[in-house]
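Asker: Input: one structure, supplied below.
The values are calculated or read from the model by the stated rules, or taken from the named source; none is laboratory data. What you see is a predicted model, and the numbers here were worked out from it, not measured in a lab. Please note: Cβ atoms are built from the backbone with ideal geometry, for glycine as well, and neighbour counts cover all protein chains shown. Protein only, heavy atoms only, side chains kept; ligands, DNA and RNA dropped before computing areas. Shrake-Rupley method; radii C 1.70, N 1.55, O 1.52, S 1.80 Å.
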Amino acid sequence: MNLSHIEHIGIAVNSIDEAKKYYEDILGLKCYAIEEVKDQKVKTAFFKIGQTKIELLEPTDPEGPVGKFIEKKGQGIHHIAFSVKDIEQNLSELDSKGVRLIDKEPRKGAENLDIAFLHPKSTLGVLTEICEDKNK
Ligand code: CMX
């Protein structure tokens, strides 16, 4: 495994418009991008803090993963994402170590990153993403 840093922390919110006020007006961060990820049924908003990003996740469908999460647990931390080099190699290593993969192959996520999720039941209750920016 070669994790380099925390790429982002995903936070489930009811409304990006509402949540943005806290991150911008109170914490003083700047939202630099808003993007819908249709196949994940979410709208995302990004803030940068050092090397790490905060990704707000607003459900666009109550039956999507974030819609279901908010219904069950309310707003809050949804996942943590680690930046890796060679995501395919990292996934096959995780697989061989018995970690339950949600995505067996990387797929495209927000900001055109290659991403894959690990199931929270095999990662101590924390939904975990690994991701790679192949353009870097
Ligand atoms: N963190 C921790 N646990 C979680 C969780 C999360 N974010 N989401 C679900 N769970 C837990 C539930 O609490 C539940 O646990 P119990 O059985 O103990 O109650 C269990 O996982 C099953 O949850 P569920 O509500 O029945 O949901 P599903 O099994 O249908 O789906 C999951 C769960 C993790 C497989 C699904 O949410 C998923 O595939 N997530 C990855 C994709 C994703 O989250 N996309 C949104 C972000 C997109 C982006 O960043 O671009």
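Asker: Filtering the range 39-54 down to residues that are more than 8 Å from the ligand (Cβ to nearest atom) and of a type in the set (S, T, N, Q), which residue is nearest to Ala110 (Cα to Cα)?
Answerer: Across the range 39-54, the extreme among qualifying residues is Thr52.
Asker: Still on this structure, I have one more. Within the range 15-27, identify whether any single residue is within 18 Å of Ala81 (Cβ to Cβ) and part of a strand (DSSP E or B), and answer yes or no.
Answerer: Scanning the range 15-27, I find no residue that is within 18 Å of Ala81 (Cβ to Cβ) and part of a strand (DSSP E or B), so the answer is no.
Asker: Go through (1) modelled with pLDDT of 95 or more; (2) closer than 25 Å to Lys21 by Cβ; (3) out of contact with any Leu (no Cβ under 9 Å at 6 or more places or on another chain); (4) more than 8 Å from the ligand (Cβ to nearest atom) for Glu111 and report which single condition fails.
Answerer: Answer for Glu111: the failing condition is (1).
Asker: Same structure again: Within the range 55-83, count every residue that is closer than 15 Å to Gly109 by Cβ, of a type outside the set (Ser, Thr, Tyr) and more than 11 Å from the ligand (Cβ to nearest atom).
Answerer: 1
Asker: Taking the criterion of being over 24 Å from Glu88 (Cα atoms), part of a helix (DSSP H, G or I) and out of contact with any Gly (no Cβ under 9 Å at 6 or more places or on another chain), would at least one residue in the range 45-54 satisfy it?
Answerer: no
Asker: Considering every residue within the range 114-122, establish whether at least one is touching a residue at least 40 places away in the same chain (Cβ under 8 Å) and farther than 20 Å from Ser4 by Cα.
Answerer: Within the range 114-122 (the criterion being touching a residue at least 40 places away in the same chain (Cβ under 8 Å) and farther than 20 Å from Ser4 by Cα), the answer is no, since none of the residues qualifies.
Asker: Say we look at the range 1-23 and pick out the residues that are over 30 Å from Lys97 (Cα atoms) and in contact (Cβ under 8 Å) with a residue 12 or more places away in the chain; which of these is most open to solvent (accessible area, probe 1.4 Å)?
Answerer: Going through the qualifying residues, I end up with Asn14.
Asker: Pairs only if they're at least six apart or on different chains, beta carbon under 7 angstrom, first in the range 30-56 and over 17 Å from Ile80 (Cβ atoms), second at pLDDT below 95; list them, first residue then second.
Answerer: Matching pairs, first to second residue: Glu35/Ala110; Val37/Gly109; Val37/Ala110.
Asker: May I ask you to verify whether Glu58 is among the acidic types (Asp, Glu), part of a strand (DSSP E or B) and either farther than 28 Å from Lys136 by Cβ or open to solvent by 50 Å² or more (accessible area, probe 1.4 Å) (or both)?
Answerer: Answer is no for this residue.
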